[in-house]
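The structure appears below as structure tokens.
The values are calculated or read from the model by the stated rules, or taken from the named source; none is laboratory data. These numbers come from a predicted model, not from an experiment. Reconstructed Cβ throughout: ideal geometry from the backbone, glycine too, with neighbour counts over all protein chains shown.
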Amino acid sequence: MAKHCQSCGMPMNRDPNGGGTETDGSKSETYCSICYADGAFRHPDVTVTEFQAYCVDALATKGMPRIMAWAFTRGIPKLDRWKNAA
């Protein structure tokens, strides 16, 4: 299993559901349950910049200072999901 979700960067061991799910119901070894379910991304039509902003907002809502949330999301463009994104 990947150490971090290859969409948002969250440590996979912090995923409340133990990973996203594939179409056959098996656990994804690449993506977390917040990003991925039933073999598809939960936010399929966002750009990497939009997704980073979404993640900052989500982390801030959970109580993380926005500057820390911003810092945590800087690596998102280097993750597998986004490497070849336009």
When restricted to Cys55, Cys32, Cys5, the only residue modelled with pLDDT of 95 or more and over 15 Å from Gly75 (Cα atoms) is Cys32
Within the set of pairs 6 or more residues apart or between chains, which connect a residue that is within 18 Å of His4 (Cβ to Cβ) inside the range 22-35 to a residue that is among the basic types (Lys, Arg) with Cβ atoms less than 7 Å apart? Cys35/Arg42
In the range 5-37, which residues are buried (at least 18 other Cβ atoms within 10 Å of the Cβ) and outside any loop (DSSP other than H, G, I, E, B)? Met12, Thr21, Tyr36
Can you name the residue in the range 38-63 that is β-branched (Val, Ile, Thr) and within 19 Å of Ala85 (Cα to Cα) and is also surrounded by the most Cβ atoms within 10 Å (Cβ to Cβ) among such residues? Val48
